[in-house]
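Structure first, then comments.
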Amino acid sequence: MMKPCFYVLMFLCCANVMAQAVNDSVVSDERYLEDQFYIGITYNFLVAQPESVSQRNLSYGLQAGFIKDIPLNHSRTTALGIGFGYGVYSYYTNLLASETADGVVYSVIDDDFKRNKVETHMLEVPFEVRWRNSTPSEYKFWRLYAGVKFGYVFGGRSKLVPNDTPKVSFYNNDIRDFHYGVTLNFGYNTFNLHAYYALNSLFNDGVVLGDESLNSKPLRIGLIFYIL
């Protein structure tokens, strides 16, 4: 489970070194743009869950994409950004989704299983208001980017891996198609903190666990890296 994250970190470090080398060899450009490609890793939480539901294992996420940088002032320290990307996010919990003839039924399972998760594959559209103290010749700078992100789930899956029986996996139509939330990215040079808080729930309205509504909202915290 940790190998994908390790490989991503190695790739990011190498890519950043290469990007810095390219930047150092380019003559200063007064019309420069910043931070147009991004890739990130996150640790995922679900907030506002029923009390009986708890998270297990490492719930991780990966995201990557392109953002068009649109400077708003002559010094290009203030800008807007709008982009397009892809994200895959896993949420490991003890909330079991069972496929039946009447739809998907939810229950809480005990500790006798290896892994149980909900996974979403999303097309994402981030919109950011950007501030940084960069210059045409300085590629190490502080940045603070705040905004919103819209996402469309084109693949939402529930998966259970028991200890002694075959795994069970299916596409879960109870997972909401369209998601939106607020984002905040802050950091210096290579390493930047990333946070996303969903403003709508992971599941569709009306999905319940017993008599309780499943209003779980994703909260993702991690690192984001910018290239070029």
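Can you pull out the residues in the stretch 117-130 that are more than 18 Å from the chain's Cα centre (by Cα) and surrounded by fewer than 16 Cβ atoms within 10 Å (Cβ to Cβ)?
Val129, the sole residue that qualifies.
Just to be sure I understand the filter: pairs with C-beta atoms under 7 Å, separated by 6 or more residues or on different chains, first member in the stretch 170-187 and surrounded by fewer than 15 Cβ atoms within 10 Å (Cβ to Cβ), second member β-branched (Val, Ile, Thr). Which pairs pass?
Final answer for the pair search is Asp177/Val153; Tyr180/Val148; Val182/Val148.
What's the number of the condition Phe141 fails, among (1) under 30 Å from Asp102 (Cα atoms); (2) over 22 Å from the mean Cα position of the chain (by Cα)?
(1)
Considering only the stretch 71-88, how many residues are out of contact with any Leu (no Cβ under 8 Å at 6 or more places or on another chain) and modelled with pLDDT of 95 or more?
The total comes to 3.
Before we move on, is Val153 within 15 Å of the chain's Cα centre (by Cα), hydrophobic (A, V, I, L, M, F, W, C) and closer than 30 Å to Ile70 by Cβ?
Working: within 15 Å of the chain's Cα centre (by Cα): yes; hydrophobic (A, V, I, L, M, F, W, C): yes; closer than 30 Å to Ile70 by Cβ: yes.
Spelling it out, Val153 is indeed within 15 Å of the chain's Cα centre (by Cα), hydrophobic (A, V, I, L, M, F, W, C) and closer than 30 Å to Ile70 by Cβ.
Of all residues in the stretch 188-228 being of a type in the set (Phe, Trp, Tyr) and exposed (fewer than 13 other Cβ atoms within 10 Å of the Cβ), which is farthest from Tyr89 (Cα to Cα)?
Tyr188
The values are calculated or read from the model by the stated rules, or taken from the named source; none is laboratory data. Just so it is clear, the model here is predicted, and its values are computed rather than measured. In this analysis, Cβ positions are derived from the backbone assuming ideal geometry, glycine residues included, and neighbour counts consider all displayed protein chains.
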